[in-house]
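Chemist: I have a structure I would like to understand better, so I am pasting it below and will then ask my questions one at a time.
The numbers here are math on the coordinates, done by the rules we state, and not lab data. Quick caveat, the model's predicted, so the values are computed rather than measured. Positions of Cβ are generated from backbone atoms using ideal geometry, with glycine treated the same way; all protein chains shown enter the neighbour counts.
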Amino acid sequence: VERYNLSDMVEVLPYGTHQESIQLVMSSDALLLDFLASVDGRANLASTSSRIFEYLASGKPILGLVYASGAAAEIIKATNSGVVADPENTEEVAQTIHTLLLQHKAGTLGVDGQHDLERFTRKNLTGSLAQMLDGATIGYV
């Protein structure tokens, strides 16, 4: 932020409570999912941050700076909940942010036709895990 003289446009907040985080999510125009910040790059494409599920529930558009072949990108695309840009492609990231900014200025920023969210509820995900575990234990009981 300081290196690029962005302190008048970027506010870095201290660690807060989960409730404060949810309030910030709900008051935002768009949400950034930068999975590389918490995961060791391409080696973990099948993983995703649990934050994505709260983002999906918010109904806010998600800017996913994630690899296109990763789980987070698949979820964003499958639910029509935002856009994905390759975090290693600076031009693509800049263009995607520019497009979102233009949509915001035009009043058209949002998520249209978000779908298949039920598949990602805690209840359904837990049920899927239980089925996988049941299948893995058949013959061992």
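Chemist: Using modelled amide H (1.01 Å from N, peptide plane; none on Pro or chain starts), what sits under 5 Å from the amide H of L109, excluding residues fewer than 5 places away?
Modeler: So L109 has HN proximity to H104.
Chemist: Just to be sure I understand the model, the point goes 7 Å from the Cα along the line to the Cβ. What's the resulting T90 to L102 distance in nm?
Modeler: Each label point lies 7 Å from its Cα, and together they span 2.2 nm.
Chemist: Count charges around E11 for me, please; just the other residues with Cβ under 15 Å from its Cβ, Lys/Arg as +1, Asp/Glu as -1. Present the calculation step by step, with values, prior to reporting the outcome.
Modeler: On the way: positive: none; negative: E2, D8, E20, D29.
So the environment of E11 carries a net charge of -4.
Chemist: Rank-order 20-30, 63-73 by packing density, defined as the average count of other C-beta atoms within 10 Å over each peptide's residues, highest first. It would help to have the intermediate numbers written out before the result.
Modeler: Working: 20-30: 13.0, 63-73: 21.0.
The densest-packed peptide leads the list: 63-73, 20-30.
Chemist: Here's another thing I want to ask about it. For G82, which sequence-distant residues (separation of 5 or more, or a different chain) have an amide H within less than 5 Å of its own amide H, given hydrogens modelled in the peptide plane?
Modeler: I62
Chemist: Return the FRET efficiency for the residue pair E74, R3: r is the Cβ-Cβ distance, R0 is 35 Å, and the value is rounded to the nearest 0.05.
Modeler: Numbers: r = 33 Å, r/R0 = 0.95.
That pair, E74 with R3, gives E of 0.60.
Chemist: Moving on to the next point. Dividing the alpha-carbon radius of gyration of the chain by 2.2 N^0.38 Å (N being the number of residues), what value is obtained? Intermediate values should be presented prior to the final figure.
Modeler: Details: Rg = 17.4 Å, N = 141, 2.2 N^0.38 = 14.4 Å.
Against the compact-globule rule of thumb, the ratio is 1.21.
Chemist: Between A57 and T17, what is the FRET efficiency for a Förster distance of 25 Å, r being their Cβ-Cβ separation, to the nearest 0.05?
Modeler: Computed FRET efficiency for A57 and T17 comes out at 0.90.
Chemist: Output ³J(HN,Hα) for segment 88-97: one whole-Hz value per residue in order, computed from phi by the Karplus curve 6.51 cos²θ - 1.76 cosθ + 1.60 with θ = phi - 60°, and x for Gly and Pro.
Modeler: 9, 10, 4, 4, 5, 4, 4, 5, 5, 4
Chemist: Let me ask something additional. Using a simple spin-label model with points 7 Å from Cα along the Cα→Cβ vector, what separation in nm is obtained for M26 and L129?
Modeler: Taking the two extended label points, one gets 2.6 nm.
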